[in-house]
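Here, each number is a calculation from the coordinates, and none is a lab measurement. For clarity, every value in this text was computed on a predicted model and none was experimentally measured.
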Amino acid sequence: MALQLLLMLRKVVVNVVTALVGFPIVISIRYWGNLIEGNYKHYDAYYDSLPKYLYKVIVHPLVYPLVPLLFLLFILLPFQLIKDSRSEKGKPFSYLQKVGIFSLIVVAMIAFWGLFTNLWAIPYYRNVIYLAYALGLGLVFATLLYFLVDRYTEKRGI
């Protein structure tokens, strides 16, 4: 009982930290080069300090913490529920299946978001890049969650 409670707490904490810390870091990948070089340039503006630059490229565009919490609610939570329902049946997903499921959830969210934006107004061959984004996010986050959560819960059969 206590072990199950600790593993459940582990799932919750890891998913929340992944959403609030990991997601903004992964989404800001195109600015990593500037961070490493100390070049705090964003479009045509230069920032004199790292906190101002991070605010401009990470916090401001993500309306922090709104978008990370939406990521938690609409992507990480369904992913965890799908994995848990399958594990309860005694048939846990393989690693590649987890990557595929995460990517499919991201593709579904992109398609849903496209209904309310002009995403589908541009030619379809330009939207194919979103499949690559979804696969990349699936690979990164399914791997992260596998090493931080799944190895421990699946090993103990919970």
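What to note about this one:
- Kirkwood hydrodynamic radius of the stretch 43-116, from inverse mean 1/r over distinct Cα pairs, in Å: 14.9
- For the stretch 3-158, the fraction of alpha-carbon pairs lying more than 18 Å apart is 64 percent, rounded to a whole number.
- Under 22 Å, Cα to Cα: Lys pairs in the stretch 22-138, sequence gap 8 or more or different chains: 5
- DSSP H segments from the chain that extend 15 Å or more along their own axis, Cα-based, with Kyte-Doolittle mean of 0.5 or above: 2-17, 95-116, 129-145
- Relative to one another, the C-alpha centroids of the stretch 48-92 and the stretch 1-29 are positioned 9 Å apart.
- Fully extended contour minus Cα-Cα distance, from SER85 to LEU131, at 0.36 nm per residue: 14.0 nm
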